[in-house]
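The values are calculated or read from the model by the stated rules, or taken from the named source; none is laboratory data. These figures come from a predicted structure and were not determined experimentally. In this analysis, Cβ positions are derived from the backbone assuming ideal geometry, glycine residues included, and neighbour counts consider all displayed protein chains.
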Amino acid sequence: MTKEIATFAGGCFWCVEAVLARVIGVEASVSGYMGGATENPTYKEICTGRSGHAEVIQLTFEPKVISYHELVQMFFTAHDPTTLNRQGADVGTQYRSAIFYHSDAQREAAETVINALTAQSVFAAPIVTEVTAASTFYPAETYHQDYYTRNPYEGYCRVVISPKVEKFKAQFADKLKA
């Protein structure tokens, strides 16, 4: 089977990974950085906002099980795509909403979903998600990987991530791994 890569930025990568890694057909998820100028950035550099990178989640998925179009739709339910450079209390360009596409087909799918959500007035404010060609992906430090699963009782996980995971589970129960 042919696998594909999807890269999404929707605020804190822990949050995006916590929901999208649970989707059937998603075989791997890696938290990391993309979209900036600094080579091999560290989390400390990302947090300054000066590196230009966004916190991203890079998924390896099986398109015969879950389509890229479906993943994009799910991505838009997992964060607020109407706030520029912000998700909740997380503020800065590193927390921007972005889809980093890996092919013209992915770009077209992302634009199709955005246009449909806009036409349907799903959100009260305009979608500010950038759709940009993927650039070099830098995996985040080991302690960021699968953070929510490894730290479910940590304060940020309980207060911020758990409600997102529960909402996502309720909305996409038929698309989640057992």
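Filter segment 95-133 for residues that are in contact with a Gly (Cβ under 7 Å, 6 or more places away or on another chain) and β-branched (Val, Ile, Thr) and give the result. Outline the logic, then answer.
Applying the first criterion (in contact with a Gly (Cβ under 7 Å, 6 or more places away or on another chain)) to segment 95-133 yields 95, 97-98, 100, 132.
Once the filter is applied, which keeps residues that are in contact with a Gly (Cβ under 7 Å, 6 or more places away or on another chain) and β-branched (Val, Ile, Thr), segment 95-133 yields only THR132.
Looking at GLU108, GLU70, GLU55, which one is at pLDDT 95 or above, surrounded by 22 or more Cβ atoms within 10 Å (Cβ to Cβ) and among the charged types (D, E, K, R)? Please lay out each step first, then the result.
On the way: GLU108 fails: surrounded by 22 or more Cβ atoms within 10 Å (Cβ to Cβ); GLU70 fails: surrounded by 22 or more Cβ atoms within 10 Å (Cβ to Cβ).
Residue meeting the stated conditions: GLU55.
State which residue pairs qualify: first residue within 11 Å of PHE61 (Cβ to Cβ) and small (Gly, Ala, Ser) and inside segment 1-25, second residue in a strand (DSSP E or B) and at pLDDT 95 or above in any location, beta carbons under 7 Å apart, and separation of 6 or more residues or different chains.
Listed by first residue and then by second, the contacts come to ALA6/LEU59; ALA6/PHE61; ALA21/SER29; GLY25/PHE61.
Under the condition of being of a type in the set (S, T, N, Q) and not in a strand (DSSP E or B), which residue from segment 30-42 is surrounded by the most Cβ atoms within 10 Å (Cβ to Cβ)? Spell out how you get there, then give the answer.
Just the residues of segment 30-42 that are of a type in the set (S, T, N, Q), to begin with: 31, 38, 40, 42.
Within this subset, residues satisfying the condition of being not in a strand (DSSP E or B) are 38, 40, 42.
Numbers: THR38: 15, ASN40: 9, THR42: 13.
Filtering first and then ranking leaves THR38.
Taking the conditions exactly as written (in contact with a Ser or Thr (Cβ under 9 Å, 6 or more places away or on another chain), at pLDDT 95 or above and of a type outside the set (Phe, Trp, Tyr)), does ILE114 satisfy them or not? If you could, list the steps in order and put the result at the bottom.
Working: in contact with a Ser or Thr (Cβ under 9 Å, 6 or more places away or on another chain): yes; at pLDDT 95 or above: yes; of a type outside the set (Phe, Trp, Tyr): yes.
Yes, satisfied.
Is segment 60-69 home to any residue that is over 17 Å from LYS177 (Cβ atoms) and either of a type in the set (Lys, Arg) or not in a strand (DSSP E or B) (or both)?
So in segment 60-69, the residues over 17 Å from LYS177 (Cβ atoms) come out as 68-69.
Then keep just the ones that are either of a type in the set (Lys, Arg) or not in a strand (DSSP E or B) (or both); that gives 68-69.
The answer is yes, given that some residue of segment 60-69 is over 17 Å from LYS177 (Cβ atoms) and either of a type in the set (Lys, Arg) or not in a strand (DSSP E or B) (or both).
Suppose the filter is among the charged types (D, E, K, R) and either in a loop (DSSP other than H, G, I, E, B) or farther than 21 Å from VAL128 by Cα (or both); does GLU27 pass it?
Values: among the charged types (D, E, K, R): yes; either in a loop (DSSP other than H, G, I, E, B) or farther than 21 Å from VAL128 by Cα (or both): yes.
The answer is yes for GLU27.
In segment 40-50, which residues are in contact (Cβ under 8 Å) with a residue 24 or more places away in the chain and either at negative phi or of a type in the set (Lys, Arg) (or both)?
Within segment 40-50, the subset in contact (Cβ under 8 Å) with a residue 24 or more places away in the chain is 40-43, 46-47, 49.
Listed by number, the residues that qualify are PRO41, THR42, TYR43, ILE46, CYS47.
Please work out if THR118 is under 21 Å from GLN87 (Cα atoms) and touching a helix residue (DSSP H, G or I) at 6+ places or on another chain (Cβ under 7 Å).
Values: under 21 Å from GLN87 (Cα atoms): yes; touching a helix residue (DSSP H, G or I) at 6+ places or on another chain (Cβ under 7 Å): no.
Taking the combined requirement at face value, the residue does not satisfy it.
Condition first: closer than 28 Å to ILE46 by Cβ, assigned to a loop (DSSP other than H, G, I, E, B) and among the hydrophobic types (A, V, I, L, M, F, W, C). Now tell me which residues in segment 103-144 satisfy that.
Matches in segment 103-144: PHE123, ALA125, ILE127, VAL128, ALA134, PHE137, ALA140.
When you check PHE13 against the structure, is it crowded, with 23+ Cβ neighbours inside 10 Å, more than 20 Å from ILE161 (Cβ to Cβ) and in contact with a helix residue (DSSP H, G or I) (Cβ under 9 Å, 6 or more places away or on another chain), yes or no?
For PHE13, the condition - crowded, with 23+ Cβ neighbours inside 10 Å, more than 20 Å from ILE161 (Cβ to Cβ) and in contact with a helix residue (DSSP H, G or I) (Cβ under 9 Å, 6 or more places away or on another chain) - is not met.
From the set of residues in segment 84-97 that are outside any helix (DSSP H, G or I), crowded, with 17+ Cβ neighbours inside 10 Å and at pLDDT 90 or above, which is farthest from the chain's Cα centre (by Cα)?
Across segment 84-97, the extreme among qualifying residues is ARG96.
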